[in-house]
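In what follows, a structure is listed as structure tokens, so that the remarks can point back to it.
Each reported figure results from applying straightforward, stated rules to the coordinates on display, with no laboratory input. All values derive from a computational prediction rather than experimental measurement. Ideal geometry is used to build each Cβ from the backbone, glycine not excepted, and the neighbour counts take in all protein chains shown.
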Amino acid sequence: MLTFLYGIVIFFIVIFIMGIRIVRPTQRGLIERMGKYNRSASEGFNWIIPLIDTMYLVNVTEQMIDAEPQEIITNDNLNAKVDAQVYFKVIATEEGVKNSQYNVNNYKWQIVNLARTTLRNIIGTLTLKSANSERGKINEELHKTLKEETASWGIAIVRTELKEIDPPKDVQETMNKVVKAENEKIAAIDFATAAETTADGVKRSEVKKAEGIKQGNILKAEGEAEAIKLVNEAAEKYFIGNAQILRKLEAVEKSLQHNAKIVVPTGSDLVNVIGEMAGIVPINLNKG
């Protein structure tokens with residue numbers, strides 16, 4: 001009897017150990033009982049009934065899959081090698097985990113094929129040149145389509161990245177030559193613009209210099225004219241009257257040399273001058 005009890009205890013211990021399941025933080029568990037969904041399992045310790053329950057672990061971290069390179073004919077009938085990457089993750093909720101397992105057979109494989117088909121539809125309407133220059137637009141359309149188509153899969157499309165759009169080798173060489181010619185043209189235009197700007201700057205500098213010299217000459221001439229004007233005004237004010245007296249003195253000197261008598265009015269400047277020079281006393285004609 002004791003052995004039987006020991007056997008039962010050991011049996012339950014083994015069953016308990018067999019039913020232990022540990023779910024990591026990057027995972028969510030989906031538990032089925034006899035092939036039917038029973039419940040979800042969160043991170044940490046979980047226990048299931050061995051041989052009756054089955055747990056499926058689902059990765060809920062962000063994942064990346066490559067859409068694989070493919071040849072696509074563009075709108076201008078050129079073959080382009082196109083590759084893209086899709087970043088997605090399973091929505092970490094009970095409903096999201098269930099949908100990722102029950103609403104789609106293999107979500108990774110189907111995302112790849114959906115991305116390839118969408119890229120063919122988008123790039124097929126564009127020329128090779130516009131496809132290369134509108135990568136952002138292609139990414140937006142690819143992301144939008146994948147997001148709409150996978151809405152019921154429990155999948156969140158995080159972003160899409162157009163990895164490459166490679167034209168045939170001969171077309172690539174031609175495009176490189178065109179780009180090189182355009183760059184050389186732009187460089188030549190920039191050089192000509194810089195030379196023109198430099199020449200214009202030199203011209204403006206010379207004009208400013210000439211204007212400065214001109215203004216300096218004008219100011220100098222105006223100064224000289226003003227000085228001459230002041231000299232003339234001083235000469236008229238101070239020297240004309242003295243010159244007249246000088247002429248009168250010369251006449252007196254000549255008369256005195258011949259012993260001539262000269263009558264000079266007492267109120268004239270000549271009397272004062274003669275008086276100061278020779279001590280001559282003016283004659284008052286009004287006296288008797």
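Set the Förster radius R0 to 51 Å, insert the Cβ-Cβ distance between residue 6 and residue 147 as r into 1/(1 + (r/R0)^6), and round the FRET efficiency to 0.05. Please report the intermediate quantities before stating the final value.
On the way: r = 59 Å, r/R0 = 1.16.
Taking R0 as 51 Å, the efficiency between residue 6 and residue 147 is 0.30.
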Sorted by average packing, counted as other Cβ atoms within 10 angstrom per residue and highest first, what order do 131-144, 24-37 take? 131-144, 24-37
Relative contact order for the range 63-167, counting Cα pairs under 8 Å that sit 6 or more residues apart, in percent: 41
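Cα-Cα over 32 Å: which of 147/185; 81/147; 81/108; 81/185?
On the way: 147/185 44 Å; 81/147 24 Å; 81/108 22 Å; 81/185 30 Å.
147/185, as the Cα separations exceed 32 Å there.
Sort 152, 42 so that the residue with the fewest other Cβ atoms within 10 Å of its own Cβ comes first and the one with the most comes last. Present the calculation step by step, with values, prior to reporting the outcome.
Numbers: 152 9, 42 14.
Neighbour counts put them in this order, fewest first: 152, 42.
Work out the length of the dipole vector of the range 63-167 about its Cα centre, built from +1 on the beta-carbon of each Lys and Arg and -1 on the beta-carbon of each Asp and Glu, and round it to the nearest 20 debye. Spell out each step's value before the answer.
Numbers: 13 positive and 15 negative charges, 22 e Å.
Approximately 100 debye in magnitude.
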Label point distance in nm, residue 158-residue 139, each placed 7 Å from Cα along Cα→Cβ: 1.4
Ranked from highest to lowest mean number of other Cβ atoms within 10 Å per residue, what is the order of the peptides 81-93, 208-220? 81-93, 208-220
